[in-house]
Amino acid sequence: CHLGRYDEARSVFPFTPDALDRFPRDLAYTTGLQSLAYATSKLGEVELAERLYPDLLRHRHLFSCSFVTTTGSLEYGAALVSLATDRHDDAVEHLRRAIDANVRAGARYWEAEARIELAETLRSRNDNGDAAEVTELLATAADCARTNGFAGLTRRIDALD
């Protein structure tokens, strides 16, 4: 999805509402939940996003992790499914909490990722005062990306300017 190849991603996305009922609740559950949130949001799978939201809310205080990998705070996943279901104000609050949690955990990549997503969300919302915050969020995310060598995030930020 990050590459913009949505048709290809959709062709390999195996989930249906019935499949979610059988989704394993094991050690990798939080990683799977975060990945599903990302995919359903980016692919516009609104029904699946609605089904995921209660689980994400139940686990939003946790981080997505699977032994040696993490995809940050599950607040990020809750934000993505909120966006997919047109709950933009909820998404903004989830993203703010995701940023805070990722900062506290030292999860710099996921902090920057959440800042970028919040900037994009605020830019599309376009409320009074959002433009100044978008600029600040992108500057902070760009600094984090450059300092830590996150070239993909740097390219994504540059494309937004």
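The values are calculated or read from the model by the stated rules, or taken from the named source; none is laboratory data. The shown structure was predicted, so the numbers you read here are calculated from the model rather than taken from an experiment. Note: ideal-geometry Cβ built from the backbone for every residue, glycine included; neighbour counts use all protein chains shown.
When the stretch 140-161 is limited to residues that are of a type in the set (G, A, S) and touching a residue at least 12 places away in the same chain (Cβ under 8 Å), the one that is surrounded by the most Cβ atoms within 10 Å (Cβ to Cβ) turns out to be A141.
Being touching a strand residue (DSSP E or B) at 6+ places or on another chain (Cβ under 9 Å), of a type in the set (S, T, N, Q) and either in a helix (DSSP H, G or I) or over 28 Å from S11 (Cα atoms) (or both) is a condition met by at least one residue of the stretch 94-111.
Being among the hydrophobic types (A, V, I, L, M, F, W, C), crowded, with 16+ Cβ neighbours inside 10 Å and more than 13 Å from the chain's Cα centre (by Cα) is the filter; apply it to the stretch 44-56 and report the residue that is farthest from A79 (Cα to Cα). Of everything passing the filter in the stretch 44-56, L48 is farthest from A79 (Cα to Cα). When the stretch 67-84 is filtered for residues that are farther than 21 Å from R125 by Cα and either in a helix (DSSP H, G or I) or in contact with a Phe, Trp or Tyr (Cβ under 9 Å, 6 or more places away or on another chain) (or both), the ones remaining, listed by number, are T70, T71, G72, S73, L74. Does T40 count as surrounded by 15 or more Cβ atoms within 10 Å (Cβ to Cβ) and without any contact (Cβ under 8 Å) to a residue 60 or more places away in the chain? Spelling it out, T40 is indeed surrounded by 15 or more Cβ atoms within 10 Å (Cβ to Cβ) and without any contact (Cβ under 8 Å) to a residue 60 or more places away in the chain. Report, by residue number, each residue of the stretch 88-107 that is surrounded by 18 or more Cβ atoms within 10 Å (Cβ to Cβ) and either of a type in the set (D, E, K, R) or out of contact with any helix residue (DSSP H, G or I) (no Cβ under 9 Å at 6 or more places or on another chain) (or both). R97, the sole residue that qualifies. Filtered by the rule that a residue be in contact with a Leu (Cβ under 8 Å, 6 or more places away or on another chain) and in a helix (DSSP H, G or I), the stretch 145-161 gives A145, I157, L160. Only a single item in (1) in contact (Cβ under 8 Å) with a residue 12 or more places away in the chain; (2) under 28 Å from D18 (Cβ atoms) is not met by P54, and it is number (1). Can you work out which of the residues in the stretch 1-30 that are hydrophobic (A, V, I, L, M, F, W, C) and in a loop (DSSP other than H, G, I, E, B) is surrounded by the fewest Cβ atoms within 10 Å (Cβ to Cβ)? My answer is L3.
Being of a type in the set (D, E) and at pLDDT 95 or above is the filter here, so list the residues in the stretch 69-87 that pass it. Across the stretch 69-87, the qualifying residue is only E75.
For the stretch 31-41, check the following and say yes or no: at least one residue is not in a helix (DSSP H, G or I) and not aromatic (F, W, Y). No: zero hits.
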